[in-house]
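Structure, as structure tokens:
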Amino acid sequence: MHTIRKRLSILIISCSMIAVFLIMLFVNFTINDIFEDYMVSVQNKRYERIVSQLEELYKNEGQWNESSGVEILHEAYMSNYNLTLYDIDNIPVWGMNPMDIRNKINLHDMKVQDQGVYLTKKFELYSENVIVGYVEIGQYAPLLMTDEDALFRSSVNKSIITSGILTIFIIIFVSLYYSKQFSQPITEVSNMSVKLSKGEFKEKSTIKTNIEEIANLRNSINELAEKLDNQDALRKRLVSDISHEVRTPLNVLQNNLEAMIDGIFPVSNERLSHLNDEVIRFGKLLNNLDKLKEFENESMKLNFHSIDLLLLLKNMHKGFSAEAKEKNIAFNFNYENEKYYINGDEDKLKQVFINLIDNAIKFTDKGGKVEINLSKGDNKIIVEIKDNGIGINDEDMPYIFERLYRGDKSRHEIEGSGIGLTIVKSILDLHLAAIDVTSKEGEGTSVQICF
């Protein structure tokens, strides 16, 4: 298997090399075509110049002879092309031997096409629009280049090849650099996910990246690690709590029954009643777990209808007034004279408010204060249950809706099963209602429900 860096580097380098090769090929063909067009143009101009010179010569002399235009023979010889002059009857006046230029040493060093094939072109010579002769121009290639032309063409091709090779090296360097920048955070996140799968939740990714998607992936995996770490700690704590909740009544039952069997304790109605209370306590825990299972079951059916929330809360306030009075707690219900109707399951919502009000009173010391506030705003109905009780510390706040979770203080000082708020959250989710809890340890708690 390849690493992401290797695979990415191979992909970038391969695509880049193909692109560079195609560009070099295209540029080379284009330049060669342009250069050949240029050479053809130069050659045609040479033909026109030779014809023009001979026509001007005939105009001045009025006839052809063996010395007519011999001065251009030297140029022809040096430029590696052959000239033959013919009169009006196609009889040679003078001519060069093609073998003279073929056997020249420098001809073999020149860049020619189809070298060795002798090609000729014959042009008519005019004087006052009348043909007066012919000139034949021959060479050993369709295009014949000078040393300067060949050097220029060779330099261009070398420059293309050199720039292509240099570009490929730059691409390799850049691709390796950026593939590392791209793959390193992914590799770290991948390694971190492997560690998470092995239960190592303390790891955090600290690598920096300016790629938004990778940054989001890194942040998500860090959050996942933190949540898994918290869930692992919560799981261990829940196992301890459940073990404690189950073992306590069983130990009481076992110790008392063994004492009765051994004759240490006499069998009496009082002791049997005490043992029965422990059985009932154990049964309540199991019943609460059954309730939680019921509320978390998606197939659970709800009986929705229109509910007068004001009337429902008035009844809740009335029902808990005696308990609040017993603890000398000021228990107030504040609302405005408006209609507060919602759609919901009345029995399930009663359980929500029973749990919340019971918690507020339970966790508020004697002489404290508990309020129920009902209000409207932004097409929403808001119920707030507020107290100035013991509050919730910052460490426990993220887990208050977890199953069987109880804070240290409530776990050791106040009776409960730790699933009340879990049930509340489940019921409100089924009603598409939002719940928000704010609390400060030692100052109290505020629970807001938004319908």
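State whether the residues of region 185-202 include one that is aromatic (Phe, Trp, Tyr) and part of a helix (DSSP H, G or I).
The answer is no; no qualifying residue exists.
Looking at (1) acidic (Asp, Glu); (2) more than 30 Å from Ile165 (Cβ to Cβ); (3) surrounded by 15 or more Cβ atoms within 10 Å (Cβ to Cβ), which is the one condition that is false for Glu71?
(3)
Any idea which residue in region 364-379 is nearest to Lys314 (Cα to Cα), counting only those that are without any contact (Cβ under 8 Å) to a residue 60 or more places away in the chain and among the β-branched types (Val, Ile, Thr)?
Filtering region 364-379 for residues that are without any contact (Cβ under 8 Å) to a residue 60 or more places away in the chain and among the β-branched types (Val, Ile, Thr), the one nearest to Lys314 (Cα to Cα) comes out as Ile372.
Considering only region 8-45, how many residues are touching a residue at least 24 places away in the same chain (Cβ under 8 Å) and not β-branched (Val, Ile, Thr)?
Residues flagged as touching a residue at least 24 places away in the same chain (Cβ under 8 Å) and not β-branched (Val, Ile, Thr) within region 8-45 amount to 12.
Considering region 17-36 alone, what residues qualify as being exposed (fewer than 12 other Cβ atoms within 10 Å of the Cβ) and farther than 17 Å from Ile168 by Cα? Break it down into steps so the answer makes sense when it comes.
Taking region 17-36 and keeping what is exposed (fewer than 12 other Cβ atoms within 10 Å of the Cβ), we get 18, 22, 26, 29-30, 33-34.
Matches in region 17-36: Phe29, Thr30, Asp33, Ile34.
May I ask you to say which residue of Ile221, Ile160, Ile171 is part of a helix (DSSP H, G or I), in the same structural domain as Tyr38 (by TED's automatic domain parsing), surrounded by 12 or more Cβ atoms within 10 Å (Cβ to Cβ) and of a type in the set (A, V, I, L, M)?
Just one listed residue meets the conditions, Ile160.
For region 360-451, give me every one of the strands (runs of 3 or more DSSP E) that falls completely inside it and has 1 or more residues that are more than 24 Å from Leu286 (Cα to Cα), at pLDDT below 85 and not assigned by TED's automatic domain parsing to the domain that holds Gln231.
It comes to 369-377.
List pairs: first in region 59-75 and at pLDDT 80 or above, second hydroxyl-bearing (Ser, Thr, Tyr) and assigned to a loop (DSSP other than H, G, I, E, B), Cβ under 9 Å, 6+ apart or cross-chain?
Here the result reads Glu61/Ser68, each pair linking region 59-75 to a residue that is hydroxyl-bearing (Ser, Thr, Tyr) and assigned to a loop (DSSP other than H, G, I, E, B).
Please verify whether region 343-358 includes one or more residues that are surrounded by fewer than 18 Cβ atoms within 10 Å (Cβ to Cβ), modelled with pLDDT of 90 or more, aliphatic (A, V, I, L, M) and not in a helix (DSSP H, G or I).
No, region 343-358 contains no residue that is surrounded by fewer than 18 Cβ atoms within 10 Å (Cβ to Cβ), modelled with pLDDT of 90 or more, aliphatic (A, V, I, L, M) and not in a helix (DSSP H, G or I).
The values are calculated or read from the model by the stated rules, or taken from the named source; none is laboratory data. As the structure is a prediction and not an experimental result, all values here were calculated from the model. Cβ atoms come from the backbone with ideal geometry, glycine included; neighbour counts cover every protein chain shown.
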